[in-house]
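**Q** After the structure tokens below, expect a handful of questions from me.
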Amino acid sequence: TEFLQKWFYVLPEVAYDNIHAAYVYNCNSWVREYTKFHDRILAPLKGNRKLIFIDMPNKLNDYIDPEQQKLPGATLSLDEDLKVFSNALKLSHKDTKVAIKVG
């Protein structure tokens, strides 16, 4: 929560006057729910501004031309296929089967 609260304090106030939309990529469901119930965090985006949650980089193409996107390689690599290991054992006091995703 502390990162979300600091999010809008990072940019100068003039940036909020000129922003048309904010795109949030690869956030978990907790962030989406938190922003619904704590709208004071999003107060600088009130009015005609939009907050758009994007779960895949290619969905960003629907909003921003790919030539205009300057996404870092680490962001683009989040869309690659993950390796899934099934029936792995977690080291604990009990043997528990878990699925581990590495990517």
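**Q** Hey, among the residues in region 42-56 that are within 9 Å of Tyr25 (Cβ to Cβ) and either in a loop (DSSP other than H, G, I, E, B) or modelled with pLDDT under 75 (or both), which one's nearest to the chain's Cα centre (by Cα)?
**A** Out of the qualifying residues, it is Asp55.
**Q** Still on this structure, please answer the following. Six or more apart or on different chains, Cβ under 7 Å: which pairs go from a residue in region 44-56 that's under 14 Å from Ala15 (Cβ atoms) to one that's modelled with pLDDT of 65 or more? Could you list them?
**A** Listed pairs, sorted by first residue: Pro44/Tyr16; Leu45/Ala22; Leu45/Leu51; Arg49/Ile19; Arg49/His20; Arg49/Ala21.
The values are calculated or read from the model by the stated rules, or taken from the named source; none is laboratory data. Note that the structure is predicted; figures quoted are calculated from it, not measured. Glycine gets a Cβ as well: all are built from the backbone with ideal geometry, and neighbour counts include every protein chain shown.
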